[in-house]
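What follows draws every value from the coordinates through simple rules; no lab data is involved. Values in this document were obtained by computation on a predicted structure and should not be read as measured data. Here the Cβ is made from the backbone with ideal geometry for all residues, glycine too, and neighbour counts use every protein chain on show.
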Amino acid sequence: MKEFNFLKKAADLMPPLYETVVRPVSGIPEGRNMRDGDSFMLDFGTHLVGFITLSVEVQKGDDTADSPLAVQFEFFENLREDTGEYYTGGMSRSWFQVQTVFADNPYEPVVLTRRYAFRYVRITFPANTSYAVSYKDCFVKAVSSADLSEVEPLPEDTDPLLVKLDNTALLTLKNCMQTVFEDGPKRDRRLWLGDLYLQAKANYCTFKNNDLVLRCLYLFAGLPHENGCLSSAIFQEPVLRNQSWILHDYALFFCGTLADYYRATGRIGVVRELWQTAYRQTEIAYEAFEKNGGAAPSDMYFTDWCPGLDKATAALGILVSMLKEALFLADAIGDSTRQKVLSERIGEVSKALKAAYNPAEKLFKAPSGQLSVHSQMWAVLSGVLGDGDNAAVMLETLKRKDLVKPVTPYAMHYFSEALIRCGLKDEAFAFIKDYWGAMIEKGFDCFPEVFVKDNPEASPYGSVAMNSYCHAWSCTPSYFIRTYL
Ligand code: RAM
């Protein structure tokens with residue numbers, strides 16, 4: 001019943017979508033007569049999410065339009081996707097943005113009703129029609145639930161690179177803001193809790209669509225698994241449902257997202273309403289820690305797409321951090337029984353995490369002995385060491401070249417936050433400019449899902465064609481710039 005109410009509230013918060021009409025800036029095949037495999041590539045000049053319409057002029061043949069017109073559309077967020085390879089990785093090829101339309105009436109505009117995410121579209125007329133066609137018009141009805149007029153301009157003297165990072169981050173977030181905070185508008189077009197946590201942080205200091213955050217919180221709370229654990233993601237299509245994959249870090253981020261929502265809005269009523277759900281996530285993750293002999297079950301934590309990562313220490317850091325966020329919520333509503341339980345549990349998990357610290361080396365080790373950036377940043381964010389030791393860990397992390405490094409801007413967010421947390425703000429901004437700046441330098445219009453500076457082929461899915469090139473978990477430069485500068 002309670003779940004049903006949450007879903008009803010989520011439905012009531014369905015946002016309106018703002019529409020903008022955009023036409024291509026280049027690639028228009030002026031005066032070309034096309035058929036039988038002829039094609040052209042339009043460039044819309046910026047990343048868009050929306051619906052395309054194409055109109056052509058039928059050129060008079062012997063017997064005009066005596067067969068349907070076949071039009072193939074291939075959409076690319078980024079030309080790196082145009083590999084021409086046949087994909088055999090683990091994801092479905094149906095994520096590739098290709099559609100062929102057979103228009104019985106070529107004199108009418110061809111209107112696609114499926115939403116695509118792209119900057120470029122290759123249009124091909126594959127059939128050997130007796131007639132040729134020429135380009136007449138093409139436009140996109142771009143959609144987003146983000147309201148640009150809410151975004152305050154940065155001060156005039158802001159470093160031009162930071163302005164670029166902010167603009168790119170804003171476009172990334174905006175195009176992922178649809179009827180929920182999607183992870184990426186090309187793929188998976190789904191609401192993920194780990195992504196939402198970061199999107200919401202960026203949203204509060206940009207588009208301020210706080211009701212969209214609330215809608216997403218209600219969707220998760222309304223669709224728990226049987227034991228009360230929240231799902232890592234929610235599908236809206238074909239039917240509203242939760243995803244079977246459970247991740248303890250993502251479930252715990254419900255506490256962090258709710259705590260941030262409360263900090264941003266002061267709405268204590270929402271905290272009261274969602275408190276049971278939030279608290280339940282800490283119980284589940286803590287019980288798993290206990291059952292696992294006082295260690296976090298790393299296979300239940302996402303952490304990053306980094307291959308071969310030993311996640312156990314980072315996972316403990318996440319658990320302590322989110323238990324603390326839950327304690328913050330318990331304090332806010334005055335739940336003294338749970339304040340006590342949470343404080344004890346924070347103590348227990350902190351002890352396990354501290355055991356991974358080597359003071360001589362000033363680094364945290366994973367159980368396999370692996371040294372990773374992930375272990376350091378999450379240990380620092382959890383606050384188990386004092387400020388001075390925290391800073392020493394991060395300085396050591398910056399110095400050492402042999403640590404396993406994150407491969408996603410998602411994990412790099414936490415690395416940047418960890419630097420700021422221990423007073424290394426200059427180092428944090430130098431890193432943000434270097435890492436996200438490299439994406440700008442490489443010509444990305446939006447921030448992608450995966451980015452490794454010296455490996456352009458990096459992909460968790462076996463091909464860069466499957467990567468998402470507008471991925472909201474990468475949008476946090478706006479959060480850093482607008483919160484800390
Ligand atoms: C990717 C999704 C999403 C992320 C999951 C774990 O496949 O696109 O962003 O949260 O991985």
Over segment 161-282, equivalent-ellipsoid semi-axes from the Cα gyration tensor in Å: 23, 18, 12
Per the chain, cysteines lacking a partner by the 4.7 Å Cβ criterion: 138, 176, 205, 216, 229, 255, 306, 422, 475
Segment 250-267 - phi-based ³J(HN,Hα) in whole Hz, Karplus 6.51/-1.76/1.60, Gly and Pro as x: 5, 4, 5, 5, 4, 5, x, 5, 5, 4, 5, 4, 5, 4, 7, 10, x, 7
Net charge, residue 303 excluded, C-beta distance under 13 Å - Lys, Arg +1, Asp, Glu -1: -2
Relative contact order, percent, the chain [alpha-carbon distance under 8 Å, six or more residues apart]: 17 percent
Summed side-chain charge close to residue 96 - residues other than residue 96 whose Cβ falls under 10 Å, Lys, Arg +1, Asp, Glu -1: +1
Extension reserve of the residue 5-residue 141 stretch, reckoned as 0.36 nm per residue once the Cα distance is removed: 45.6 nm
Under-5 Å amide H pairs with residue 18, H placed in peptide plane, nonlocal only: 144, 145, 146
Distant-in-sequence amide H partners of residue 372 (H built 1.01 Å from N, under 5 Å): 366, 404
Cross-link table 399/425; 141/164; 201/453; 208/340; 399/442; 291/354, entries beyond 27 Å C-alpha to C-alpha: 208/340
Percent breakdown of C-alpha pair distances by 10 Å bin, ordered from the shortest bin, for segment 73-218: 9, 31, 29, 21, 9, 2, 0
Separation of alpha-carbon centers, segment 1-60 and segment 107-136, rounded to whole Å: 12 Å
Degrees separating the helix 268-291 axis from the principal Cα axis of the chain, which is the longest one: 70 degrees
10 Å Cβ shell holding at most 11 others, DSSP loop, GluC sites (Glu not before Pro): longest site-free stretch of the chain: 227-456
Chain lengthening between residue 149 and residue 240 when straightened (0.36 nm per residue, less Cα-Cα): 29.7 nm
Angle in degrees between helix 160-176 and the longest Cα principal axis of the chain, rounded to the nearest 10: 80 degrees
Cβ-derived FRET efficiency at R0 30 Å, residue 83 paired with residue 32, nearest 0.05: 0.70
FRET efficiency estimate (nearest 0.05) - Cβ-Cβ, residue 438 to residue 358, R0 22 angstrom: 0.10
Under the Karplus curve 6.51 cos²θ - 1.76 cosθ + 1.60, θ = phi - 60°, whole-Hz ³J(HN,Hα) for segment 5-22, x wherever Gly or Pro sits: 4, 4, 5, 5, 5, 4, 5, 5, 9, 4, x, x, 9, 7, 10, 9, 9, 10
Rg in Å to one decimal, and Dmax rounded to a whole Å, for the chain via C-alpha atoms: 24.4, 86
